[in-house]
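Enquirer: Please find one structure pasted underneath; my questions will follow.
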Amino acid sequence: MANALYPKWKEARLQGTANAALDGSGTTGLYAIIVDTGTYTYSAAHEFYSSLSGLAGTTEQEIGTKTYTNGVFDGADVTLPSVTAGATCEAIVLFIKNAGASTTWRLVAFLDTGVTGLPVTPNGGNIGISWNASGIFAL
């Protein structure tokens, strides 16, 4: 699977739906988590965090210092702290949190290429995510 934006997120952005903007922070921020693609398979029908499986524990990290230039979205590299040892993870999923349950956290992007350090096998330590120099994704 190549990098993909979740179609349900794109639909929500086009309609101006709540919980679809990338400019929030904290409880409304954009987060990254790593996944094992042996357990999780990307689906264009997936819309919310609760559709995910094969997560590397519950370790997620908010993406800060976001920029939006000429249709390219970028943000600061992130470090996932103390990721529970487990299966090799081959992809990163970006999602928008909110104050509600994970069944309302909107999936944004599935990234399995162009990210330094993938695949990675969690061992209980920190895992750094370095985005592609050309940005995280473009519209």
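The values are calculated or read from the model by the stated rules, or taken from the named source; none is laboratory data. Just so you know, these numbers come straight off a predicted model, no measurement behind them. Glycine also receives a Cβ, built like all others from the backbone with ideal geometry; neighbour counts cover every protein chain displayed.
Enquirer: Regarding the range 98-114, can at least one residue be identified that is closer than 19 Å to residue 13 by Cβ, of a type in the set (Phe, Trp, Tyr) and surrounded by 18 or more Cβ atoms within 10 Å (Cβ to Cβ)?
Expert: From the range 98-114, those closer than 19 Å to residue 13 by Cβ are 98, 100, 104-111; that's our starting set.
Narrowing further to those that are of a type in the set (Phe, Trp, Tyr): 105, 110.
Checking which are surrounded by 18 or more Cβ atoms within 10 Å (Cβ to Cβ) leaves us with 105, 110.
Looking through the range 98-114, at least one residue is closer than 19 Å to residue 13 by Cβ, of a type in the set (Phe, Trp, Tyr) and surrounded by 18 or more Cβ atoms within 10 Å (Cβ to Cβ).
Enquirer: Scanning for something more than 15 Å from residue 6 (Cβ to Cβ), in contact with a Gly (Cβ under 6 Å, 6 or more places away or on another chain) and modelled with pLDDT of 95 or more, does the range 115-130 turn up at least one residue?
Expert: So far as the range 115-130 goes, no, none of its residues is more than 15 Å from residue 6 (Cβ to Cβ), in contact with a Gly (Cβ under 6 Å, 6 or more places away or on another chain) and modelled with pLDDT of 95 or more.
Enquirer: Okay, moving on. Output the residues belonging to the range 37-60 that are buried (at least 17 other Cβ atoms within 10 Å of the Cβ) and either among the β-branched types (Val, Ile, Thr) or modelled with pLDDT under 95 (or both).
Expert: Those that are buried (at least 17 other Cβ atoms within 10 Å of the Cβ) and either among the β-branched types (Val, Ile, Thr) or modelled with pLDDT under 95 (or both): 37, 54, 55, 56, 59, 60.
Enquirer: So, in the range 46-56, how many residues would count as being part of a loop (DSSP other than H, G, I, E, B) and either in contact with a Gly (Cβ under 7 Å, 6 or more places away or on another chain) or without any contact (Cβ under 8 Å) to a residue 40 or more places away in the chain (or both)? Quick ask: steps written out before the conclusion?
Expert: Within the range 46-56, the first condition is being part of a loop (DSSP other than H, G, I, E, B), and the residues that meet it are 46-47, 52-54, 56.
Then drop every residue that is not either in contact with a Gly (Cβ under 7 Å, 6 or more places away or on another chain) or without any contact (Cβ under 8 Å) to a residue 40 or more places away in the chain (or both), which leaves 53-54, 56.
The qualifying residues number 3.
Enquirer: So residue 68 clears everything in (1) surrounded by fewer than 18 Cβ atoms within 10 Å (Cβ to Cβ); (2) in contact with a Ser or Thr (Cβ under 9 Å, 6 or more places away or on another chain) except one condition, right? Which one?
Expert: (2)
Enquirer: Here's a follow-up. In the range 116-139, which residues are of a type in the set (A, V, I, L, M) and either more than 14 Å from residue 73 (Cβ to Cβ) or out of contact with any Phe, Trp or Tyr (no Cβ under 9 Å at 6 or more places or on another chain) (or both)?
Expert: First, pick out the residues of the range 116-139 that are of a type in the set (A, V, I, L, M): 118, 120, 127, 129, 133, 136, 138-139.
Once the filter is applied, which keeps residues that are of a type in the set (A, V, I, L, M) and either more than 14 Å from residue 73 (Cβ to Cβ) or out of contact with any Phe, Trp or Tyr (no Cβ under 9 Å at 6 or more places or on another chain) (or both), the range 116-139 yields 118, 120, 127, 129, 133.
Enquirer: Mind listing whichever residues of the range 60-116 are part of a strand (DSSP E or B) and either touching a His at 6+ places or on another chain (Cβ under 9 Å) or β-branched (Val, Ile, Thr) (or both)? Walk me through how you get there before you give the answer.
Expert: Filtering the range 60-116 down to residues part of a strand (DSSP E or B) leaves 61-62, 67-69, 72-74, 78-80, 89, 91-96, 106-111, 116.
Within the range 60-116, 67, 69, 72, 78, 79, 92, 93, 96, 107, 108, 110, 116 meet the criteria.
Enquirer: Right, another one. Look at the range 117-139 and say how many of its residues are in a loop (DSSP other than H, G, I, E, B), under 20 Å from residue 37 (Cα atoms) and touching an Asp or Glu at 6+ places or on another chain (Cβ under 7 Å).
Expert: 4
Enquirer: Sticking with this structure for a sec: Could you say which residue among 18, 45 is over 14 Å from the mean Cα position of the chain (by Cα), hydrophobic (A, V, I, L, M, F, W, C) and closer than 14 Å to residue 104 by Cα?
Expert: Details: 45 fails: closer than 14 Å to residue 104 by Cα.
Exactly one residue qualifies, and that residue is 18.
Enquirer: For residue 122, work out the one condition from (1) more than 22 Å from residue 29 (Cβ to Cβ); (2) surrounded by fewer than 21 Cβ atoms within 10 Å (Cβ to Cβ) it doesn't fulfil.
Expert: Exception for residue 122: condition (2).
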